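The values are calculated or read from the model by the stated rules, or taken from the named source; none is laboratory data. From a predicted model like this one, the values you see are computed outputs, not experimental measurements. Note that we place each Cβ from the backbone using ideal geometry, even for glycine, and neighbour counts take in every protein chain shown.
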There are 2 protein chains.
Amino acid sequence: MIPFSPITEDILAEITAIAGPGYVLCGREELEPFAHDETEDLRFFPEVVVRPADTAQVSALLRLCTKHRVPVTPRGAGTGLSGGALAVNGGLMLSTDRLNKIISIDTQNLQALVEPGVITEVFMNEVAGYGLLYPVDPSSKGSCFLGGNVAHGSGGPRAVKYGTVREYVLNLEIVLPDGEVTWTGANTLKYASGYNLTQLMVGSEGTLAVITKIVLKLIARPALNVLMMASFLSNEQACAAVSGIFRAGILPSALEFMERKGIEWVKVFDHISFPLKPGDQAFLLIELDGNDSGVLFGESEKINEVLELHGCTDVLFADSSVQKEELWKIRRTMPLSVKSNSIYKEEDTVVPRAGLPQLINGVKEIGNKYGFESVCYGHAGDGNLHINIIRGGMSEDAWNTKLKAGIREIFELTVSLGGTISGEHGIGYVQKEYMPLKYSATHLALMKGIKAVFDPQGILNPGKIF
Amino acid sequence: MIPFSPITEDILAEITAIAGPGYVLCGREELEPFAHDETEDLRFFPEVVVRPADTAQVSALLRLCTKHRVPVTPRGAGTGLSGGALAVNGGLMLSTDRLNKIISIDTQNLQALVEPGVITEVFMNEVAGYGLLYPVDPSSKGSCFLGGNVAHGSGGPRAVKYGTVREYVLNLEIVLPDGEVTWTGANTLKYASGYNLTQLMVGSEGTLAVITKIVLKLIARPALNVLMMASFLSNEQACAAVSGIFRAGILPSALEFMERKGIEWVKVFDHISFPLKPGDQAFLLIELDGNDSGVLFGESEKINEVLELHGCTDVLFADSSVQKEELWKIRRTMPLSVKSNSIYKEEDTVVPRAGLPQLINGVKEIGNKYGFESVCYGHAGDGNLHINIIRGGMSEDAWNTKLKAGIREIFELTVSLGGTISGEHGIGYVQKEYMPLKYSATHLALMKGIKAVFDPQGILNPGKIF
């Protein structure tokens, strides 16, 4: 293929003519916030950041970049954990932050039409005002964008009951690299009209097209919820309880696993008060929601029975909305508190949920072998375990040279349990080298073939997934 | 492209060597059952039907057909309504009826591994024995295959609460036209590891690859359900009540619409006793399920209020499992009773559900203009309306020459309401000419590009979708 072009003065002038001079950033200091996302400590500077105002500008910009073969990195809020929004080839970064309108909320059909730069929590709050629920709540919901959620197939704690963003995207307006604009489907709950391009776009990480509008499904808002925190003497017991809860016929609205060390670090980082008793090693944060307090009470009782069967030492019921918020804060702050404590790498493993005990035990064994520590937490109800590998006392040399073999072993274990490399963070830049552990050459060739159909010149988010 | 090859004696010998002589059908009489599906009165004879026993045979057969450029039509139970399983180019029909094993039911992870030729209801009953639910129940559940359901993105009455087959497929083993075998994903509830090939396969109608194994998600079985039939003086009132029910915060496990004429025909066809009062024109069959009778009672009350607001004349509550079965039988028998009554064409329109009153009124107006009658029923909770166009008194000439323009107007109306051409039946052979009404040239080119990635020689189910 023809090599990528740098952004020349002439190309920059054309970019500026399209987006307007106030919306093109070139200075080193202006570019700095766009040079990283939340992935480890990686830094890649784009040559230019552009902040288009509408679909027409996105289209004109992509047409221009195709013409000159300038690489384009679409960018949401930069909260990603796999380096998907890093401009690893320089070029143009296309920020969607000005595409931030909630265009309409259709209370007749329970749908909303939004632009990709709307902050997830802003949208959740807006629809809550209509008594509706948009349940896809990644930990970064206060800052991440809906467009980024779609691009990465994001989940979050409530996915266990409500599904990931995949279950809520009905239709997308996309701009292809050649500037063509098309919708991917229809605004309908059911769809059997040819290949499902909407579903193909979900999780495609900005490598196929740029999303410029999103039609999202909304649901009725449950009136009540119950939140409890259960303590265990071992990771294995806690993980085993997880699949027991489902086998008892309960579908919690969240079922989160946390290791003791994660909570210890949160307590230091954010001065959260939570009584950690000696011996307790693992915790499950369990939420139920619904509209009937009797039903919730009955389900809580059933869960208690399951927890006891699995050696639970204590169950703390949140008795106020303040206490609920505090318990949730422990889980939500965990990624940040781990990050503040040590250089780390986060792996987003996912397995069939009954495999969790084997996964977590295996991770600790692999850590012992390679000399790294780990803090694990995640959406256990989905079998989705975030493994934070902590540099801690590991030498810089070992960290840089030996760790990859350890990560490889973790993924091999994940795959052997019927799982895969990423449940909700995506492959992006940092996981792509591990893809062949799971996917056959035939499978990867199909993906590359699809990429070439949408983006024959390979200008969109190059260096990601493959 | 090179033209398709007929199946010569030499090729037939190779097919027979792969599958065994007892599993290759060539005689006109043997082929007859494979020459049609449930689509109108269409007939296309394959040259040869082969019934492979396993993935290895499927792979060998596809490799052979690629080598000789023989068209291959994958075939499930032949219950499709869009002609997807018709051998419109002759060639080899690959029947999946011997791939009919339920390989395992994993009660720890609530998953099952099955072959594509398992009958949907056989599978539902099998998992029910473990207290589990597989809720995707097309009307043809007693005869259709799980593989066909996946290939067509099938739904059914319960999709309104539980989703279509799309929400239950976790992973697929597929055989590509060149004989390569690959899995499309992982056996996990969440997935963000590159393009979602599993979701791309759902609804691809046998045009991309042949499905040889399916991993399906299972859920806990609700203990109770309530079924009611509500009568209305007009289609419009009944359809308006549908979106009212959701706006009241209720999520029924089924919400089916039926026109009076459909019930009249069912009564004649199957001698079902159901009191049709004069004046009642439209009916809603509403099911609620759950585990708490108090909650179901409260929801039924709420639904009653909504129904009254929309002019409902009567609500019949089924008071026994026998009566429930009878009410369901009315809905399930309707397609067959319409078919037995007149030559017909069925359109599988889907719109955002609040558009249903406009859709059904529009269909009647278009019918008046072109001189056709119609019987409508369907999954109103999903906005999915099956429109049965009845030849009735229309002349054969008008039926053959003018009807297409009328169907075109119906689809134009559907699209103008934010909907599309098929909600669950697929495009297949009979709807493909209408695709450009909804989909841009850009969109169709993307689909064709994807097809070429999987099937560069175009041997798999040619003449479908595009």
Going by the structure shown, is residue A:29 loosely packed, with under 12 Cβ neighbours inside 10 Å, closer than 30 Å to residue A:140 by Cβ and not hydrophobic (A, V, I, L, M, F, W, C)?
yes
Inside the stretch A:427-450, can you point out the residues that are more than 8 Å from chain B (Cβ to nearest Cβ), crowded, with 17+ Cβ neighbours inside 10 Å and either closer than 26 Å to residue A:68 by Cβ or among the charged types (D, E, K, R) (or both)?
A:428, A:429, A:432
I'd like the full set of residues that are outside any helix (DSSP H, G or I) and touching a Leu at 6+ places or on another chain (Cβ under 9 Å), limited to the stretch B:407-419.
B:417, B:419
Filtered residue count, the stretch B:420-455, keeping only those that are more than 11 Å from residue B:348 (Cα to Cα), in contact with a Gly (Cβ under 9 Å, 6 or more places away or on another chain) and not in a loop (DSSP other than H, G, I, E, B):
12
Residue check for residue A:458: more than 14 Å from chain B (Cβ to nearest Cβ), within 30 Å of residue A:211 (Cα to Cα) and at pLDDT 95 or above:
yes
Given the conditions (1) touching a strand residue (DSSP E or B) at 6+ places or on another chain (Cβ under 6 Å); (2) closer than 26 Å to residue B:176 by Cα, report the number of the one that residue A:459 does not fulfil.
(2)
Which ones in the stretch A:102-111 are more than 12 Å from every other protein chain (Cβ to nearest Cβ) and under 16 Å from residue A:221 (Cα atoms)?
A:105
List the number of the failed condition for residue A:383; all other conditions in (1) of a type outside the set (A, V, I, L, M, F, W, C); (2) at pLDDT 95 or above; (3) farther than 26 Å from residue A:231 by Cβ hold.
(3)
Search the stretch A:412-426 for residues being more than 8 Å from chain B (Cβ to nearest Cβ) and surrounded by 20 or more Cβ atoms within 10 Å (Cβ to Cβ), and hand back the single one that is nearest to residue A:141 (Cα to Cα).
A:414
Among (1) under 15 Å from residue B:216 (Cα atoms); (2) more than 16 Å from the chain's Cα centre (by Cα); (3) part of a helix (DSSP H, G or I), which single condition is residue B:161 missing?
(1)
Out of the residues in the stretch A:180-210 that are of a type in the set (A, V, I, L, M, F, W, C) and part of a loop (DSSP other than H, G, I, E, B), state the one that is nearest to residue A:451 (Cα to Cα).
A:208
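With the requirement that a residue be surrounded by 24 or more Cβ atoms within 10 Å (Cβ to Cβ) and part of a loop (DSSP other than H, G, I, E, B), what does the stretch B:140-155 give you?
Listed by number, the residues that qualify are B:140, B:144, B:153, B:154, B:155.
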Among the candidates A:40, A:14, single out the residue that is farther than 24 Å from residue A:174 by Cβ and acidic (Asp, Glu).
A:40
Which condition breaks for residue A:286 when tested against (1) part of a strand (DSSP E or B); (2) without any contact (Cβ under 8 Å) to a residue 40 or more places away in the chain; (3) of a type in the set (A, V, I, L, M, F, W, C)?
(2)
Restricting to the stretch B:349-382, count the residues that are within 14 Å of chain A (Cβ to nearest Cβ) and in contact (Cβ under 8 Å) with a residue 60 or more places away in the chain.
15
How many residues, within the stretch B:168-206, are crowded, with 24+ Cβ neighbours inside 10 Å and in contact with an Asp or Glu (Cβ under 7 Å, 6 or more places away or on another chain)?
3
Please tell me if residue B:30 is touching a residue at least 12 places away in the same chain (Cβ under 8 Å) and acidic (Asp, Glu).
yes
Quick one: would you say residue A:363 is over 20 Å from residue A:251 (Cα atoms), in a helix (DSSP H, G or I) and within 26 Å of the chain's Cα centre (by Cα)?
yes
Selection within the stretch B:213-248 - in a strand (DSSP E or B) and within 14 Å of chain A (Cβ to nearest Cβ):
B:213, B:215, B:216, B:217, B:219, B:220, B:224
